[in-house]
Amino acid sequence: MTSLPLSDALFAVQRTTPLVHCITNYVAMNSTANCLLAMGASPAMLHAPEEVAEFTHLAGALSINIGTPSAAWAEGMQLAARAAQESGTPWVFDPVAVGATRYRQTLSQALLAHDPDAIRGNTSEIMTLAGLAHAGRGVDATASIDEARAAAIALARRQGCLVAMTGERDFITDGQQHWYITGGHALMPRVTTLGCALSATVAAFLAASPSMPLAAVAAAVASFAVAGQRAGQQAAGPGSFQVALLDALYQLTPDDLDQFTGLEAA
Amino acid sequence: MTSLPLSDALFAVQRTTPLVHCITNYVAMNSTANCLLAMGASPAMLHAPEEVAEFTHLAGALSINIGTPSAAWAEGMQLAARAAQESGTPWVFDPVAVGATRYRQTLSQALLAHDPDAIRGNTSEIMTLAGLAHAGRGVDATASIDEARAAAIALARRQGCLVAMTGERDFITDGQQHWYITGGHALMPRVTTLGCALSATVAAFLAASPSMPLAAVAAAVASFAVAGQRAGQQAAGPGSFQVALLDALYQLTPDDLDQFTGLEAA
Amino acid sequence: MTSLPLSDALFAVQRTTPLVHCITNYVAMNSTANCLLAMGASPAMLHAPEEVAEFTHLAGALSINIGTPSAAWAEGMQLAARAAQESGTPWVFDPVAVGATRYRQTLSQALLAHDPDAIRGNTSEIMTLAGLAHAGRGVDATASIDEARAAAIALARRQGCLVAMTGERDFITDGQQHWYITGGHALMPRVTTLGCALSATVAAFLAASPSMPLAAVAAAVASFAVAGQRAGQQAAGPGSFQVALLDALYQLTPDDLDQFTGLEAA
């Protein structure tokens with residue numbers, strides 16, 4: 001296979017306005033909602049144990065991000081993940097800084113038990129998650145790309161899910177097929193929570209194209225790669241970059257993804 | 001009556017810098033504070049049961065929004081609403097997604113018992129609130145404008161309060177007089193939490209003009225209608241729209257509202 | 001002494017990418033993270049008692065802001081402050097609205113017991129903190145600059161820490177040396193949580209230059225003064241100001257601080 005139907009996946013999001021239930025960190029909430037709205041999806045942020053499962057059943061997809069966890073939120077996350085698992089609602093897990101504390105590792109293991117459809121993280125986070133099953137080791141931030149790649153594939157196979165590992169170059173795998181995505185801009189890591197927003201965007205794409213999850217995940221990542229590249233051409237710094245990125249996500253068309261040259265089999 | 005003193009209401013906000021106590025959702029906090037500051041009001045966000053009533057007594061108005069509720073926050077909301085009711089401080093209720101879960105319906109009924117001075121919501125939310133008293137039914141999102149209009153009037157009469165129902169066209173009523181407001185821009189629903197920020201802005205206007213609440217609510221809604229229209233003329237997408245909206249709210253003058261042609265008796 | 005090595009302090013931040021653990025209010029989280037990233041620091045927001053001390057030990061500095069406190073957060077703040085105190089990690093205290101409620105005064109006293117390295121607040125907040133030790137009096141918002149100045153010096157001496165009191169003109173003291181900083185722009189108070197972001201930036205500078213804390217605090221304040229001035233030249237209102245400020249913080253060079261003329265001995 002030499003390509004993926006990225007433009008079909010974007011068209012599906014823009015046509016169906018998928019409702020994405022987000023349980024994410026406080027820093028990311030506003031920018032995540034704005035990225036989803038810019039792409040044509042419909043965000044909803046709510047987390048209380050009293051209502052969270054009831055809402056997950058209404059949503060097209062669920063995105064869980066553990067950036068600012070606490071006991072009450074962890075309970076809501078697990079109830080939502082279980083509801084998604086029970087109803088077959090696609091859900092995405094973003095294991096922010098899972099290597100930093102034991103609390104995050106315990107919470108992540110509990111969430112992985114509810115079988116996420118996709119995991120989105122940076123190389124450190126993916127390697128930590130992959131390692132949790134083996135020996136509970138911490139993360140080696142200086143790991144080579146090859147090591148991280150192997151960890152992503154192992155994690156995808158063990159969990160039976162998609163893995164999107166993002167950074168300067170992105171790597172996407174379902175355990176069998178692997179893809180690299182190149183694009184974006186050097187200012188992206190200078191704007192907070194773009195990775196968190198991408199995780200929720202992956203959920204929107206899965207909601208809109210449940211029958212082709214690999215293409216859906218790749219299209220979400222490619223959308224940020226293209227929009228990031230364009231935003232970088234207009235930006236004088238991270239402030240103007242963030243504004244231009246939302247505009248570029250809004251202006252993105254399926255044709256843009258048809259012409260995208262940054263996808264290659266890995 | 002063929003008009004309302006909108007410009008007087010804006011002038012009063014800009015002259016008195018009303019302190020607005022906001023208990024709002026996590027997504028909306030930053031954009032709400034920035035809209036209030038741009039308009040010339042002074043925002044304060046706090047919610048803890050330990051301090052919330054003490055602070056409500058200091059504020060010129062209170063705005064409560066249930067977008068991301070939880071048990072501890074619901075307790076703070078009720079204490080603040082009761083404090084506002086007791087001290088005659090105007091308060092605004094924003095029933096975000098009240099139709100989505102039973103938890104929100106129960107919380108909304110508890111808050112309505114503290115007699116908000118104004119309710120700001122979209123058509124679905126207003127219809128759900130109006131229906132809570134009758135049969136507790138969910139919301140019919142496909143309801144016609146005429147049905148929603150009747151619900152808004154019924155809600156205003158039952159609660160003895162102002163109702164601002166916003167959307168492509170806005171409808172404002174105190175149960176006796178009804179007004180339409182036209183303006184804004186198609187990009188507004190692509191930026192998150194502008195409705196939430198408008199609710200807090202309604203509170204700022206009520207604080208500054210307590211003796212003319214209908215004009216105050218209409219002026220807040222008209223301010224967003226005018227600023228939204230101007231922002232839309234400069235925007236390339238939702239990112240630049242949000243920036244331009246804050247600038248336009250800041251630049252808004254009483255003269256702008258004198259010249260506003262989008263207000264008509266309904 | 002007629003100057004301070006401001007440019008060295010900025011260079012140290014840009015060279016070392018200090019990890020700043022922030023426990024801040026919900027309104028400020030996103031803008032704080034973006035200011036830190038723009039300056040070249042690395043932000044991390046987390047607050048849960050289960051993990052907070054473990055993380056503080058990893059961080060280069062800690063910043064605690066009580067803008068939206070609650071019981072669970074207050075516990076996390078105290079655990080983090082104690083961890084910082086034990087490990088000698090520099091930490092900054094931002095006593096938002098400490099004069100407004102008794103709850104904030106009690107929490108502030110508990111945090112002061114953990115010996116912050118710097119306190120950043122406006123004149124009212126600094127005067128309230130200074131008064132807590134004497135008679136627990138509230139704040140006199142109409143206090144003269146001279147009264148506030150004396151309070152800041154007294155607070156610095158009593159706590160053995162740096163105090164940065166910011167407003168139209170900023171005042172920095174370690175109890176012995178005192179400096180004024182002039183700069184910024186009239187739009188700064190029209191953008192929410194810039195003071196909160198400055199407090200976290202002070203923490204980043206302390207992490208990068210632990211051996212010259214007075215210069216570090218002054219350089220953080222001067223960075224905002226210079227960037228604010230530049231942003232104001234391009235801004236049409238608070239929306240475009242905020243964007244331009246992030247760009248200006250990103251573009252700031254040590255040379256800019258060498259040429260800064262707004263620092264004078266007080």
Based on the alpha-carbon gyration tensor of the range A:1-141 and its eigenvalue square roots a ≥ b ≥ c, which shape applies: rounded if a/c is under 1.5, prolate if not and a/b is larger than b/c, or oblate?
oblate
Sort shortest first the distances from residue B:115 to its counterpart in every other copy, using label points 7 Å along the Cα-to-beta-carbon line, and give them in nm.
5.5, 5.5
Using a 10 angstrom cutoff on alpha carbons, build the Gaussian network for chain A and name the most mobile of A:92, A:52, A:217.
A:52
Can you give me the convex hull volume of the Cα atoms of the range A:140-266, divided per residue and expressed in Å³?
112 Å³
Comparing each residue of the range A:222-266 in the complete protein assembly with the chain by itself (heavy atoms, probe 1.4 Å, ligands and nucleic acids ignored), those losing at least 20 Å² of accessible area are A:236, A:238, A:239, A:240, A:242, A:243, A:246, A:247, A:250, A:251
For residue A:75, inter-copy label distances in nm, listed shortest first [label point 7 Å out on the Cα-Cβ vector]:
1.2, 1.2
By its C-alpha gyration tensor, with a ≥ b ≥ c as the square roots of the eigenvalues, how is the range A:75-123 shaped: rounded for a/c under 1.5, else prolate for a/b larger than b/c, else oblate?
oblate
Between the label point of residue C:3 and that of the same position in each other copy, find the distances and list them shortest first in nm, with every label point placed 7 Å from Cα along the Cα-to-C-beta direction.
6.1, 6.1
Using a Gaussian network model on chain C with a 10 Å cutoff between Cα atoms, which of C:198, C:37, C:249 fluctuates the most?
C:37
Using θ = phi - 60° and the Karplus relation 6.51 cos²θ - 1.76 cosθ + 1.60, list the HN-Hα couplings for the range B:185-202 in order, rounded to whole Hz, with x at every Gly or Pro.
7, 4, 7, 4, x, 8, 10, 6, 6, 5, x, 4, 5, 5, 4, 5, 5, 4
When 1/r is averaged over all different Cα pairs and the result inverted, which Kirkwood radius in Å belongs to the range B:192-266?
12.9 Å
Kindly compute the accessible surface that chains B and A hide from a 1.4 Å probe when together, both sides summed, and give it to the nearest 100 Å².
2000 Å²
Provide, as a two-decimal number, the C-alpha radius of gyration of chain C over 2.2 N^0.38 Å, N being how many residues it has.
0.91
Can you give me the pair-distance distribution of the range A:50-131, C-alpha pairs, 10 Å bins, whole percents?
19, 54, 24, 2
Provide a list, ordered by number, of residues in the range B:48-73 showing at least 40 Å² less accessible area with every protein chain present than when their chain is taken on its own, using a 1.4 Å probe.
B:50, B:51, B:54
For residue C:153, what accessible area in Å² do you get when you roll a 1.4 Å probe over the heavy atoms of the protein chains, rounding to the nearest 10?
20 Å²
Taking Cα centroids, how far is the range A:1-47 from the range B:197-245 in Å?
27 Å
Spelling it out for residue A:162: with amide H atoms placed in the peptide plane at 1.01 Å from N, the residues 5 or more places away or on another chain with amide H under 5 Å from its amide H are A:118, A:119
Within the set A:97, A:113, A:84, GNM on chain A using Cα springs under 10 Å gives the largest fluctuation to A:113
For the range B:7-19, 3J(HN,Hα) per residue [Karplus equation, 6.51 cos²θ - 1.76 cosθ + 1.60, θ = phi - 60°, Hz, x = Gly/Pro]:
5, 4, 5, 5, 4, 4, 5, 5, 7, 9, 6, x, 7
What is the antiparallel percent of DSSP beta bridges lying wholly in chain B, to the nearest 5?
40 percent
Ratio of Rg to Rh over the protein assembly as shown (Cα coordinates, Kirkwood Rh, two decimals):
0.95
Euclidean distance of C-alpha centroids, the range A:98-118 and the range C:68-123, integer Å:
30 Å
Tell me, what % of the accessible area of the protein assembly as shown is carbon and sulfur with a 1.4 angstrom probe?
49 percent
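The values are calculated or read from the model by the stated rules, or taken from the named source; none is laboratory data. Just so it is clear, the model here is predicted, and its values are computed rather than measured. Cβ atoms come from the backbone with ideal geometry, glycine included; neighbour counts cover every protein chain shown. With ligands, DNA and RNA removed, areas are computed over all heavy atoms of the protein, side chains included. Shrake-Rupley method; radii C 1.70, N 1.55, O 1.52, S 1.80 Å.
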